[in-house]
Each structure stands twice: as C-alpha cells, then as structure tokens.
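What follows is one structure encoded as structure tokens, with my remarks underneath.
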Amino acid sequence: MNDIQVDTPALLIDRKILKQNITSMQEYADRKGVNLRPHTKTHKMPKLAKMQMEAGAAGITVAKVGEAEVMAEAGIRDIFIANQIIGRSKVGRIRKLSESVSISFGVDSIYSVKEIDEVFEGADEKANVMIEIEVGEKRSGIIQPDDFTALLDEIKNSRNVSFKGVFSHDGHTYKAQTTDELKELYDDSSARTLHFAGLARNHGMECEVVSIGSTPPFVLGFDIPEGITEIRPGTYILMDGSQANVLGHNDTCAATILTTIISKPTDERVITDVGAKGITQQHRKVGLTATKGLGKVVGFDDVHVDSVFDEHAIIYDKNFSDEVEIGEKVEIIMNHICPVSNLYEKAYIVENGEVVDEAAVSARGKLQ
C-alpha cells in the first residue's frame, strides 16, 4: 500500500530510479562512442528532457511539431522530429523553429521534399532532413534502393533542402521471442540502415548522422556497429511493464500510477479509480515484451489489472482483495508508458515515499 498524499489517479516517478536510468543510458552511449538523442515522446516533460541533456545527451527526439515547439520554448536547442511532416502549415512551423533552434526532421517521399523546398523558399537556413529507412517494422520509411537514390536526387536538386543522414526504428524487436532473436533483428536492422548510408555515400551524399533507436537492444547492452553515430531510445528513462519483461525484473520502472481502491463488490473483485482514461487498454501480445493483463500491481505477486472501463480498473484476485481495504492506495506499473504520460497534466516525482517535485507534462496532447 502507498500513503502518498495526492489525489488519484496520479502519475508517479521515482526520482532515484529516474536518475539511474538517465545515467545508465548516457554511460552506455559514451562507452559505445555514439551520441544519445533520447525520444521524449515517452514522457513529454521538458523537466525530464533537460535532465537528459544535462547528463550529456546531444539533443532530443520528438514525434510531432507541437512537441518540438514545447521543447524549444523550454530552452532545448537541438531537436529531431523522427517523423514525416506533411502539410504546408506544419512545415511552416518548422521553418519558424529553425530560426532559433537546430532542427531536423524525417522524409521518405519526393512529395515531402518538394513541399519542404517550396515552404523554405527565402529562409535564412535550408531545411535539414533525414531519410527514414524501413528495417522490418512495416511502418513508414524507404524500402527500395531505387526509391532511395531518387529521393537523394530530389534533395540534391532542391534549393532549400539539405540532406543530413538516415534514421530507422527497429520496433519489431519488441516481438522477439528470445534475446537471441531480438539481437538478430537488431543486427539486421542496423546493417540495413548502414547499407543505405553506404548507398548515399556512393551517391556523393555523405551521412552526417546515421541514427537508430528503440529501447530493448540498448538496455540489454548490445554492441553498436561501426558507422552508427546516434541512438534514439525513449522508454528507458521511465520504463514500463512490457520493457521490464525484457530484463526480467521491475527494478528500472521509475513510473507508476497511484490509484485508490474504491469498491470491493465480491470477495475477489477489486475496483480502483484509474480506467482507460488514465492507464489505456494497451498490451503487447507476443514476444519478450508480452504483458499479462493491463498493468502489474506493485508489491503483489502476479496480480494484474484484468480489464478497464473509462474510469474503473477491475482486478480479480481473492488474496489481493483480502489484503486491501477501500480507501487504500496501490501503485500499478503500466504496460506502455508513452501513451500514459500523454493522459496526465503533471507527474509527481517521489523519493522515499514523499513527493519531492512535480513535472508538467507540457507536451501532452500535442498531436499536430
């Protein structure tokens, strides 16, 4: 049980674990000789992004222009948007940001480059773009070499677009059944990213940045191939139930949801006050990251949230029910931290059972 005196549901962050996670990943990147550019979509909090920068990060990654604007307003001056930005108004906002911060963003189509070229006409600086390489996740990114070289040519022939490098995201490693399979997928993804960097070099367009990223390979300490210049893990700073499963323990889980027991209708059914609006309904179904239920209850063996309504979490466990009373609070480790952060206005930073600070989730809802 937890006696922290804040209204629930609430997002908690353990300061000691938070600092350990930040330090550990920075030291890993330093040992491997690469830049760390953490993906802040995990937390959406400028306070935490600044902690990552102060620890040695070369810059930050975001997913949306709105997130970039929030981080720039907070004083962060090196930002990469790891996404395709389509739409003249959004590209115009990036142009405005480029007047005060170093900013780059993703492309994977000639359409995008043409639009960027038009919007940046007359700008003091060219638009810095990174080409995304699809490495097996089956999401966005260049797949065929011919499409890649055609895109390079479009950038080369543009007046206002500058090629900075390539990037990829090996999110399909989350589905690996074993650590060996995860490493194989990671190695293949890294090799494919480096292959396209080589194609660019042979095409007369050297990559300043070759960027890869997802949390599992790095928390497992995998080697980083020569030629990779940057890594972009996100979840590592707070972790969650699915990523903790890769490690086999919850020791690095800095974030939890504090929730109050509000009802015990039967001798085994327990209801708490966090529902889909505070924990989501996300879970992972396969591989090392597979989760049981919709969240783990801290301090109780194999007790999970069975289901949620909008404002209610449902737990079925008689032993758990026997140990808790209405009005008591428990913590839940969420399955996936990134969407959960987006549901809260602020996080309470705690240490030794006391709230010691708060962090505004200033980029929450910045989907555009």
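The values are calculated or read from the model by the stated rules, or taken from the named source; none is laboratory data. The shown structure was predicted, so the numbers you read here are calculated from the model rather than taken from an experiment. Heads up, the Cβs are rebuilt from the backbone with ideal geometry, glycines too, and the neighbour counts pull from every protein chain shown. Side chains included, ligands, DNA and RNA excluded: accessible areas come from the protein's heavy atoms. Shrake-Rupley method; radii C 1.70, N 1.55, O 1.52, S 1.80 Å.
Observations on the structure shown:
- With respect to being open to solvent by less than 30 Å² (accessible area, probe 1.4 Å) and acidic (Asp, Glu), Glu132 fits the description.
- Evaluation of Val274 against (1) open to solvent by less than 40 Å² (accessible area, probe 1.4 Å); (2) out of contact with any Pro (no Cβ under 6 Å at 6 or more places or on another chain) (one fails), failing number: (2)
- Per-region count, the range 208-262, residues within 15 Å of the chain's Cα centre (by Cα) and in a helix (DSSP H, G or I): 12
- Residues that are aromatic (Phe, Trp, Tyr), open to solvent by 40 Å² or more (accessible area, probe 1.4 Å) and not in a loop (DSSP other than H, G, I, E, B), drawn from the range 305-347: Tyr316
- Some residue of the range 290-304 being farther than 18 Å from Ile4 by Cβ, assigned to a helix (DSSP H, G or I) and either in contact with a His (Cβ under 6 Å, 6 or more places away or on another chain) or without any contact (Cβ under 8 Å) to a residue 12 or more places away in the chain (or both): no
- Matching entry among Ile17, Ile86 (being part of a helix (DSSP H, G or I), more than 18 Å from Ile228 (Cα to Cα) and open to solvent by 10 Å² or more (accessible area, probe 1.4 Å)): Ile17
- Counting the residues of the range 137-155 that are touching a residue at least 40 places away in the same chain (Cβ under 8 Å), of a type outside the set (Phe, Trp, Tyr) and open to solvent by less than 30 Å² (accessible area, probe 1.4 Å) gives 4.
- Residues in the range 332-342 that are among the aliphatic types (A, V, I, L, M) and under 15 Å from the mean Cα position of the chain (by Cα) were compared, and the one that is nearest to Ala313 (Cα to Cα) is Met334.
Yes or no, residue by residue, for (1) open to solvent by less than 50 Å² (accessible area, probe 1.4 Å); (2) hydrophobic (A, V, I, L, M, F, W, C); (3) over 14 Å from Phe80 (Cβ atoms); (4) under 18 Å from the mean Cα position of the chain (by Cα):
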| position | (1), (2), (3), (4) |
| --- | --- |
| Ala10 | yes, yes, yes, no |
| Tyr28 | yes, no, yes, yes |
| Lys41 | no, no, no, yes |
| Ile60 | yes, yes, no, yes |
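- Tally, over the range 156-182, of residues that are among the polar types (S, T, N, Q) and crowded, with 22+ Cβ neighbours inside 10 Å: 2
- Here Ala68 fulfils each of the conditions (1) assigned to a loop (DSSP other than H, G, I, E, B); (2) within 18 Å of the chain's Cα centre (by Cα) apart from (1).
- Exclusive hit being farther than 25 Å from Val219 by Cα, under 23 Å from the mean Cα position of the chain (by Cα) and at pLDDT 95 or above, set Lys277, Lys329, Lys318: Lys277
Here is a yes/no grid of residues against (1) part of a helix (DSSP H, G or I); (2) over 22 Å from the mean Cα position of the chain (by Cα):
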| residue | (1), (2) |
| --- | --- |
| Gly92 | yes, yes |
| Ile103 | no, no |
| Lys114 | yes, yes |
| Ile131 | no, no |
| Lys138 | no, no |
| Asp147 | yes, yes |
| Arg159 | no, yes |
| His169 | no, no |
| Leu185 | yes, no |
